[in-house]
Amino acid sequence: MDILVSSLFAGLLIGMVLAMVALGLTIIFGVMEIVNFAHGEFLMVGMYTGLLTAQATGMEPLLTLPVAAAAGFLLGIICYFGFVKFVIRGPMVAQLLGTFGLMIFLRNLALLFFGAEDRAIHQGILVGKSFNIGMGVIAPATKLAAAALSVIAFWAVWLVINRTKIGKALTATSLNPQGARYMGISTERMNALAWGIGGGTVTIAGALLVNFWSVNPFIGLLFTMIAFAIVALGGFGSVSGAFFAGLAVGVITEIPGIWDFLTYIFNFGWMADVPMTSLKYMWVYLAYFVIMIVRPRGLFGWKR
Amino acid sequence: MAEHILQVKDIKVRYSSIPVIQGLSLAVDPAETVCVVGANGSGKSTFLKAIMGAVRVFDGEILFQGREIKNLKTEEVVRTGITYVPEERMLFTALSVEENLLLGAYTLNDKERIQENLQFVYSFFPRLKERRDQATLTLSGGEAQMVAIGRGLMSNPSLLMLDEPSLGLAPRLVDEVLDTVRKLKREGMTILLVEQNVRESLEIADRGYVLQTGRIVLEGTGEELIRSDVVRKAFLGI
Ligand SMILES: Nc1ncnc2c1ncn2[C@@H]1O[C@H](COP(=O)(O)OP(=O)(O)OP(=O)(O)O)[C@@H](O)[C@H]1O
Ligand SMILES: [Mg+2]
């Protein structure tokens with residue numbers, strides 16, 4: 001029983017961070033209908049920013065969030081004006097290849113500056129500590145803090161999008177760009193803003209993640225794919241959808257733990273022999289695949 | 001003649017080298033209702049989009065309140081005080097009636113003014129007030145058109161351009177929409193109207209223009225046009 005509860009709990013915790021990882025991807029897709037293949041590399045930038053800022057200044061790693069957010073926001077805006085803006089004039093394939101190129105570029109830049117080895121955070125007040133939540137669940141403090149801060153950041157972005165004038169303009173742009181222009185909205189600025197928010201939120205997620213996940217220049221792709229699955233599950237362009245799909249995917253990544261629980265319950269010898277842990281991410285794609293067949297518009301529908 | 005609020009001089013528009021507007025001139029005076037009539041495909045919508053900066057104008061001038069606005073970005077044109085209610089309505093269908101209306105006031109910053117405008121639109125279209133929280137996707141055609149027009153009024157425009165507001169509506173609703181135009185005119189609004197209901201709209205209009213394959217072939221007061229041979233033959237079937 002304990003192993004089930006703690007797997008579910010761990011899944012929800014990581015799910016909250018994964019939702020934050022996916023948030024920017026769904027916003028950018030919602031506003032511009034472009035899939036950013038470099039999304040995971042943006043996350044990587046956030047991870048390095050958090051790590052290096054903490055190491056260079058001796059700052060508490062979790063407090064590097066504003067620095068990471070600012071770096072990501074700038075990165076997003078620069079990518080939009082320097083690159084995306086031109087790519088979107090081309091056909092869909094050009095857009096795909098374009099952001100793919102961006103991914104390679106950022107990855108190689110990281111390789112050049114930071115080398116290929118894994119780097120992780122070793123100091124910080126929360127590192128190595130953990131809390132006993134009860135019911136046999138012991139959660140690492142860094143994960144708890146990362147999950148809590150992800151939820152807060154996600155909520156803040158949700159409020160901006162749903163409760164402010166600029167958020168409404170962003171929504172209008174995603175629903176009907178030409179209609180938005182007729183309202184006097186500069187859709188060009190909204191596109192840039194979407195990239196800014198997209199970059200800023202994923203780097204926040206990166207700076208949180210790096211507290212318990214080591215970073216290397218190749219870390220991006222895994223998270224691009226996870227974020228992609230979350231966005232598809234939640235509905236392309238749907239912000240609240242991304243949150244719940246993030247939780248779902250978090251739990252799905254804990255299927256190995258849940259499997260252990262079932263193995264223990266049913267006590268079939270063969271169950272213990274299935275290499276569940278190595279199949280961890282396969283389940284994410286299986287869920288993605290099933291959803292694409294059953295509900296192509298995602299669990300929550302597109303753009304809402 | 002009073003000073004024109006909008007003056008279009010000899011503009012030309014093409015879609016990938018096919019000329020659609022071929023030297024079109026037109027003027028609107030303050031508080032005037034001007035109607036443009038023309039057959040399907042004669043370029044009426046293209047003309048309004050050209051004013052809005054939504055299609056490229058490659059020759060001529062567009063002066064609004066004395067200022068050259070030709071080929072400004074659409075959002076900049078809106079800020080000069082022109083609103084356009086497109087033929088396709090272009091509502092933000094996932095959003096509610098009120099959210100759509102408030103987006104119409106995007107260029108305003110004064111919250112009190114926005115609320116006043118909202119109340120004005122609600123008093124103008126009481127049905128929208130009842131349905132303020134309803135998603136516009138689920139509105140009837142008539143109601144959707146009310147939202148589109150109401151949204152166009154939310155920014156206190158100096159010029160309101162309506163592109164076939166009665167398109168696709170049942171006859172009773174057509175009358176209702178044209179009544180709305182009449183009421184707006186009485187409120188002193190300056191209106192540039194494009195319509196298929198030629199007789200009714202020319203009756204409302206102070207002046208009108210007849211557009212044929214991108215050129216003005218006739219202009220005059222509404223009554224003059226209704227009595228003209230061109231309009232009688234081409235549009236009234238007499
Ligand atoms: N985006 C476009 N690309 C190419 N041609 C276009 C485009 N939009 C309109 N046209 C053509 O330009 C001409 C004028 O179109 P426009 O929509 O302005 O006509 P209209 O007078 O508004 O017609 P309707 O009464 O059907 O609304 C038509 O021949 C149309 O096919
Ligand atoms: Mg038209």
* **Accessible area in the full protein assembly, largest first, 1.4 Å probe, for B:44, B:185** => B:185, B:44
* Kindly provide the pair-distance distribution of the range A:233-304 built from C-alpha pairs, with 10 Å bins from 0 and whole-percent values in order of increasing distance. => 21, 39, 25, 13, 2
* Separation in nanometres of the label points that stand 7 Å from Cα toward Cβ, at residue A:299 and residue A:112 -> 4.1 nm
* Cα-projected label distance for residue B:183 with residue A:85, points at 7 Å along beta-carbon direction, nm -> 4.4 nm
* Take the Cα coordinates of the range A:2-294, assign each an equal point scatterer, and use the Debye formula without solvent to give log10 I(q)/I(0) at q = 0.08, 0.10 Å⁻¹. => -0.35, -0.54
* Asked: Given a 1.4 Å probe and every protein chain left where it sits, what share in percent of the accessible area of the range A:1-109 is carbon and sulfur?
  -> 78 percent
* Structure fact -> Amide H contacts under 5 Å for residue B:209, restricted to residues at least 5 apart in sequence or on another chain and with H modeled in the peptide plane, are B:35, B:36, B:37
* Asked: What is the Cα radius of gyration of chain B over 2.2 N^0.38 Å, N being its residue count?
  -> 0.98
* Structure fact -> For residue B:68 and residue A:151, extending 7 Å from Cα along the Cα-Cβ vector and measuring point to point gives, in nm, a value of 5.9 nm
* Leading residue at positive end of dipole, the protein assembly as shown (Cβ point charges), from A:194, A:5, A:221 -> A:221
* Asked: How high is the FRET efficiency between residue A:122 and residue A:221 when r is their beta carbon distance and R₀ equals 22 Å, given to the nearest 0.05?
  -> 0.30
* Calculate how many DSSP beta bridges within chain B are antiparallel, expressed in % of all such bridges and rounded to the nearest 5. => 55 percent
* Asked: Is there a simple number for the mean count of other chain Cβ atoms within 10 Å of the Cβ of residues in A:162-171, and what is it?
  -> 2
* To do: Of the listed pairs B:9/B:73; B:12/B:233; B:49/B:183; B:129/B:183, which have alpha-carbon separations greater than 22 Å here?
  => B:12/B:233; B:49/B:183
* Going through the DSSP H helices of chain A, which span 18 Å or more along their own axis at the Cα atoms while scoring at least 1.0 as a mean Kyte-Doolittle hydropathy? -> A:2-32, A:65-79, A:92-114, A:141-163, A:220-234, A:239-253, A:280-294
* Structure fact -> Low-density loop chymotrypsin sites (Phe, Trp or Tyr not before Pro), the range B:56-127, at most 15 other Cβ within 10 Å, DSSP non-H/G/I/E/B, are B:58
* Asked: How big a patch of accessible area, both sides summed and in Å² to the nearest 100, lies buried between A and B at a 1.4 Å probe?
  -> 1800 Å²
* To do: For chain B, give the percent of accessible area contributed by carbon and sulfur heavy atoms, probe 1.4 Å, rounded to a whole number.
  => 47 percent
* Asked: Average partner chain C-beta neighbours within 10 Å, per residue of B:92-100?
  -> 4
* Asked: Largest first, how would B:45, A:278 line up by accessible area (1.4 Å probe)?
  -> A:278, B:45
* Asked: Do the sum for chain B: with -39,500 (n - 2.57) for every DSSP H run of n ≥ 4, divided by all residues, what is the mean residue ellipticity at 222 nm, to the nearest 500 deg cm²/dmol?
  -> -10500 deg cm²/dmol
* Asked: Once you list every other residue whose beta carbon is under 14 Å from the beta carbon of residue B:6, what net charge do they have if Lys and Arg are +1 and Asp and Glu are -1?
  -> -2
* With a 1.4 Å probe and every protein chain left in place, work out the accessible area per residue of the range A:2-294 in Å², rounded to a whole number. => 41 Å²
* Among bridges DSSP assigns within the protein assembly as shown, what percent are antiparallel (round to 5)? -> 60 percent
* Structure fact -> Sorting B:4, A:39, A:122 on solvent-accessible surface, 1.4 Å probe, most exposed first, gives A:122, B:4, A:39
* Once the whole set of protein chains is in place, how much accessible area is left on residue B:216, using a 1.4 Å probe, in Å² to the nearest 10? -> 50 Å²
* To do: Return the ratio Rg/(2.2 N^0.38 Å) for the protein assembly as shown, where Rg is computed over Cα atoms only.
  => 1.20
* Inter-chain Cβ neighbour average for residues B:138-144, partner chain, 10 Å -> 0
* Go ahead and run the numbers for FRET between residue B:134 and residue A:60, Cβ-Cβ distance against an R0 of 35 Å, rounding to 0.05. => 0.10
* **Karplus-derived 3J(HN,Hα), 6.51/-1.76/1.60, for each residue of the range B:132-146, Hz, glycine and proline x** => 4, 9, 7, 5, 5, 4, 9, 7, 6, x, x, 5, 4, 5, 4
* To do: Compute the FRET efficiency between residue B:29 and residue B:196 as 1/(1 + (r/R0)^6), taking r as their Cβ-Cβ distance and R0 = 22 Å, and round to the nearest 0.05.
  => 0.35
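The values are calculated or read from the model by the stated rules, or taken from the named source; none is laboratory data. As the structure is a prediction and not an experimental result, all values here were calculated from the model. Please note: Cβ atoms are built from the backbone with ideal geometry, for glycine as well, and neighbour counts cover all protein chains shown. Only protein heavy atoms, including side chains, enter the accessible area calculation; ligands, DNA and RNA are left aside. Shrake-Rupley method; radii C 1.70, N 1.55, O 1.52, S 1.80 Å.
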